[in-house]
Structure formats: C-alpha cells, structure tokens
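The values are calculated or read from the model by the stated rules, or taken from the named source; none is laboratory data. Predicted, not measured: the structure shown is a model, and the values here were computed from it. Glycine also receives a Cβ, built like all others from the backbone with ideal geometry; neighbour counts cover every protein chain displayed. Note: areas computed on protein heavy atoms with side chains; ligands, DNA, RNA excluded. Shrake-Rupley method; radii C 1.70, N 1.55, O 1.52, S 1.80 Å.
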Amino acid sequence: MRTQVAIIGGGPSGLLLAQLLNGQGISSVVLERQTRDHVLGRIRAGVLEQGLVGLLKDVGCGDRLHAEGFIHDGTLISYGDQMFRVDFTEHVGKPVVVYGQTEVTRDLYAARDASGGQTIHSIENVVIHGADRDTPSVAFEVDGERRVIECDFVAGCDGFHGVSRKTIPESVRREYEKVYPFGWLGVLSETPPVNHELIYANSPRGFALCSMRNANLSRYYIQCSLDDSPENWSDEAFWAELKRRIPADQASALITGPSIEKSIAPLRSFVTEPMRWGRLFLCGDAAHIVPPTGAKGLNTAASDVNYLFRALAQFYKNGSEEGLDGYSAKALARVWKAERFSWWFTTLMHRFPGQSDFDLKMQIADLEFLRASASAQKAMAENYVGLPY
C-alpha cells in the first residue's frame, strides 16, 4: 500500500488530521487497533475550545455540534458552601462548547466515510520502519494478514500506550511525569444536569465535578483513592457522597438515577520531548497527558493536529520543510502551558494526602483570591477557553 501520510490511531485526533489533509488533497490511511464500535463506546470529556470548534467546522463537522452543543459562557467553583462564577465571555469574549468526545468522533467518522477515506480497524502488531529516513513505512497485521504501508510521513495519534512514542529511541526522547495520588470515580446517568454550567467543587471530603453531555445525560465525578474500585460504590453511595461535596443548594436540586457507566480514572501529567523524530510526528496523548481537571486533553491534541496539518500542507504545497522542522517546538510551547494550567487547577481543587494545615490555608487563600480578583479570573478564563494556536 502507498499513501502520503500514515496515521496511527483512529480516535478524534487521527480522524481530524485525516480530514484536514483530505481537504488539501493530501492522501492518508488511518490505522486503528480497536473496532469502530469500541472507539465510539469510549466515555471521554466534552468541553471544546473554540480552536477545536473551528477545526471541526473546517472539515464539515459543525452542523450537529452547532445544533446539539451547549454554549457555556462560564463555570462555577465552590469550596465548602461558598460558590462563585468565572465568566468567560466577560473576561475574554469567548465561550466553550460542551459536546461529548464520542459525538465528535462519530461526526468525524461520518465525514471520513463521506470523503471515501480509508480507515482500517482491528489492526495488530504495528511496527514503524525507517522513521529516521526519507522512506518510512508502517507494518501491521489485520485478519491474520501482514501488510505494509509505504508513506512520506507517519503521524502517531495512537495514545499513551501506542507504538509511536516508543519508536523514538530512548537516547533521543526525554519524558517528564507527575502521578497524582488519587483518581476520579465517574458516573454517567440519564438525568438532567444539576446546573446548566459545570461545577468544580473543593470540599473537605475531596474534589467533585458536576458536568453533562446533554439535557438528559449527566456526568459526575468524585475524587477517590487509587486503590478504590467502582464495585465498591453502589449508586446510592455515590450520590450520597457527591451531595456531601457540593454546596447544599445544589445538592438539594440534584436529580439522581441509575448509573449507565461507572469507572475510575487515575490522574497524571506527562510530556515527552521531542514530538518529532525524522518523519514521525506525535500528536495528542502519544506525546502528552494532562489531568482532566482543566479539560485540556482533547483540546491540546487538536492544537497539535492544527500545527502538524499546516506544516504538512506547506510541505506539499511548496516543498518547504520549515513548518515540519518547527513542529515539535511550536506544539510543546503550547503543551507546557496547558500542562501548567491543568496542574494548577488540579492542585487548587483537590485534597492531597498529607496536606498540612498550612497547605490547606494556602489552598483556601488561593480560592478566595480567585473569587475576588478580576485579573485572576481573566487569567483562568484565558486558559480555560483555550490559548491561541
């Protein structure tokens, strides 16, 4: 097989890159380890920055997002029974859009199908060859048959556990990581959201988040121990604990119901440098992970895709490799800012094991400063709605 760009990973970042390239007449093949049903069954975040919204519109995926997405002009932050609002549009003139990552992926699959682009699912034993040469290739197995794709470039959009990052020699790459001493227990329920905006809660019992997917599908989280298990939590126990962690007026308005999904996600910050090795380019979780507190995972992947797409388009238009040469530095400059924001917001909102009384006082002082300072709220709003590409 032969294509211009081999894309490893059929999640939203890989599909978005493929469709952006398709719009410029650049051929690609998307390779995905899982089935399409499995990819569409993943429960992920749904807060989209305006940059990602614009990219989705560019590839013809804006109609359903516009019709079904929720415009959020701000967010609510609580500590104890205190709650205040950070107004995004007042401070930076832009909102975010709440639209589930599953729906983003569904729209991108539909666009991929409509364009006739090739996506191969259920692949195994992927090996990237010759990434440090001018003629890379990707070998893989599907249905027991060994295949090889020859290409000009390889885009590694295959996540933290994928093969792309590990293809870069250890002597070349450097990894930075912070593992947080807690996780999030998340519940999805067919219930109306407790509030029309997200609520981030810092309570003496730990962090909580009230989020939503649509008008009758809510997503709630509570901070939990890393060695906890969803099986330890009945629905009744989860709802009771959530109510203890959010302000009393919100708790009294909370409508509960049976969970349709329940899982625990660990939290980590991770970055690998560089994000390019020869003709192999990393995007999204293949290169970096953020804790979900700041809603930056999918959005930071989208900024990577934007930079890589523009660099590839420049190369195929006039042969210039300037964008390709600058890709890693440009992407990492924005990645580290997203990492900083996610780390700051996680540190602000969670209770850490072994926190001293002084640590807790500093945390509350930081929250009260954010509540009282328009400048602090503007800085938060700038980061939350998304820094420019």
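So here's what we get for this one:
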quantity: Hits in the range 301-350 (condition: in contact with a strand residue (DSSP E or B) (Cβ under 6 Å, 6 or more places away or on another chain) and either outside any helix (DSSP H, G or I) or surrounded by fewer than 17 Cβ atoms within 10 Å (Cβ to Cβ) (or both)); calculated: His350
quantity: Among the residues listed as Leu20, Leu15, the single one being part of a helix (DSSP H, G or I) and either modelled with pLDDT under 95 or buried (at least 24 other Cβ atoms within 10 Å of the Cβ) (or both); calculated: Leu15
quantity: Residue in the range 353-361 that is more than 20 Å from the chain's Cα centre (by Cα), part of a helix (DSSP H, G or I) and buried (at least 16 other Cβ atoms within 10 Å of the Cβ) present; calculated: no
quantity: Residues that are open to solvent by less than 10 Å² (accessible area, probe 1.4 Å) and part of a helix (DSSP H, G or I), drawn from the range 291-300; calculated: Thr293, Gly294, Asn299, Thr300
quantity: Residues within the range 252-267 that are in a strand (DSSP E or B) and open to solvent by 60 Å² or more (accessible area, probe 1.4 Å), tallied; calculated: 2
quantity: All positions within the range 118-128 that are of a type outside the set (Val, Ile, Thr) and open to solvent by less than 70 Å² (accessible area, probe 1.4 Å); calculated: His121, Ser122
quantity: Tabulated pairs, the range 190-215, first part of a loop (DSSP other than H, G, I, E, B), second among the aromatic types (Phe, Trp, Tyr) and open to solvent by 10 Å² or more (accessible area, probe 1.4 Å), C-beta under 8 angstrom, 6+ apart or interchain; calculated: His196/Phe70
quantity: So Thr89, is it of a type outside the set (A, V, I, L, M, F, W, C), in contact with a Pro (Cβ under 7 Å, 6 or more places away or on another chain) and without any contact (Cβ under 8 Å) to a residue 24 or more places away in the chain; calculated: yes
quantity: Every residue from the range 23-54 that is part of a helix (DSSP H, G or I) and either open to solvent by 50 Å² or more (accessible area, probe 1.4 Å) or without any contact (Cβ under 8 Å) to a residue 60 or more places away in the chain (or both); calculated: Gly23, Arg36, Asp37, His38, Gln50, Val53, Gly54
quantity: Cross-chain or 6+ apart pairs with Cβ under 8 Å, the range 226-241 first and under 22 Å from Gly80 (Cβ atoms), then among the polar types (S, T, N, Q); calculated: Phe238/Ser259; Trp239/Thr256
quantity: Members of the range 129-168 that are among the hydrophobic types (A, V, I, L, M, F, W, C) and either at positive phi or open to solvent by less than 20 Å² (accessible area, probe 1.4 Å) (or both); calculated: Ala131, Val138, Ala139, Phe140, Val142, Ile149, Cys151, Phe153, Val154, Ala155, Cys157, Ile168
quantity: Any hit, the range 107-117, residues being aliphatic (A, V, I, L, M) and crowded, with 18+ Cβ neighbours inside 10 Å; calculated: yes
quantity: Scan of the range 276-290 for residues that are buried (at least 24 other Cβ atoms within 10 Å of the Cβ) and either out of contact with any helix residue (DSSP H, G or I) (no Cβ under 9 Å at 6 or more places or on another chain) or part of a loop (DSSP other than H, G, I, E, B) (or both), ordered by number; calculated: Cys283, Ala287, Val290
quantity: Some residue of the range 172-180 being in a loop (DSSP other than H, G, I, E, B) and over 30 Å from Arg85 (Cα atoms); calculated: yes
